[in-house]
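Below is one structure; the comments refer to it alone.
The values are calculated or read from the model by the stated rules, or taken from the named source; none is laboratory data. Since the structure is predicted, the reported quantities are computational estimates derived from the model, not experimental observations. Every residue, glycine as well, gets a Cβ built from its backbone with ideal geometry; the counts of neighbours run over all protein chains shown. Please note that ligands, DNA and RNA were not included when accessible areas were found on the heavy atoms of the full protein model with its side chains. Shrake-Rupley method; radii C 1.70, N 1.55, O 1.52, S 1.80 Å.
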Amino acid sequence: MASSKTPRRQPDATRAALLKAARLEFEDPGYETTHTNRIAARAGFAPQTFYRHFKDKQAIFLAVYQGWIQEELSLLDEVRDAEAAAEVLIASHRVSRNFRRSLRTLSLTDPAIRSARAESRRLQIDRLTARLPHLSGRSFPSVAADLLTLERLADACAEGELTDLGVPDAAASKVLAEAIHRAFGI
């Protein structure tokens, strides 16, 4: 006789579902108004399931951030020119604009998130210098400053700040591509 119980999900599948739900929650309505019960419910689980996989909201936020960084880096690994890199960055930042706003805010007040963000930037610099050998002759502070400038410019493009200044989207993308080319020579 078949069991009437719903089959238990595998731990990896449960974790993935929680991460997906958290990413959606952090994007809309945002980090501050999201709580772990909503994440669990959105994933189709009872609240206690959340705590089997994550310590708290900060822990899942950091896990979502790590996943987001890996996705963006994978997409950037596929590009061969500054224009394509600009398109990837703007699209990635646009789809996660509220998440990134939360990330920027939390980085100012939460040491763990600030540390994770610094580590992800070091990873980005390592990948850049491995992929672009001509960067090895530049100082770490110089490459880091360029990375931060490009990150901020990508956010400004994604959030429409340049559009607010009368710069059309296509021109904003071109400005970012030119900045990428100047900074990293691609």
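Check whether at least one residue in region 57-69 is free of Cβ contacts under 8 Å to residues at least 60 places away in the same chain, assigned to a helix (DSSP H, G or I) and under 16 Å from L153 (Cα atoms), and report yes or no.
Scanning region 57-69 turns up no residue that is free of Cβ contacts under 8 Å to residues at least 60 places away in the same chain, assigned to a helix (DSSP H, G or I) and under 16 Å from L153 (Cα atoms).
Just the residues that are open to solvent by 20 Å² or more (accessible area, probe 1.4 Å) and touching a Leu at 6+ places or on another chain (Cβ under 9 Å), please, taken from region 88-115.
V88, L89, A91, A112, R114
Return the residues of region 144-186 that are open to solvent by 50 Å² or more (accessible area, probe 1.4 Å), farther than 25 Å from S120 by Cα and part of a helix (DSSP H, G or I); say none if nothing qualifies.
The answer is T163, D164, D169, A170, K174.
For F50, only one of the following conditions fails: (1) touching a Ser or Thr at 6+ places or on another chain (Cβ under 7 Å); (2) open to solvent by less than 50 Å² (accessible area, probe 1.4 Å); (3) touching a residue at least 24 places away in the same chain (Cβ under 8 Å); (4) under 23 Å from L123 (Cβ atoms). What is its number?
Evaluating F50 over (1) touching a Ser or Thr at 6+ places or on another chain (Cβ under 7 Å); (2) open to solvent by less than 50 Å² (accessible area, probe 1.4 Å); (3) touching a residue at least 24 places away in the same chain (Cβ under 8 Å); (4) under 23 Å from L123 (Cβ atoms) leaves (4) as the failure.
Could you check region 40-63 and list, in sequence order, the residues that are over 18 Å from the mean Cα position of the chain (by Cα) and closer than 14 Å to K20 by Cα?
Taking region 40-63 and keeping what is over 18 Å from the mean Cα position of the chain (by Cα), we get 40-56.
Listed by number, the residues that qualify are A40, A41, R42, A43, G44, F45, F50, H53, F54.
How about region 116-126: which of its residues are open to solvent by 60 Å² or more (accessible area, probe 1.4 Å) and either of a type in the set (S, T, Y) or touching a helix residue (DSSP H, G or I) at 6+ places or on another chain (Cβ under 6 Å) (or both)?
none
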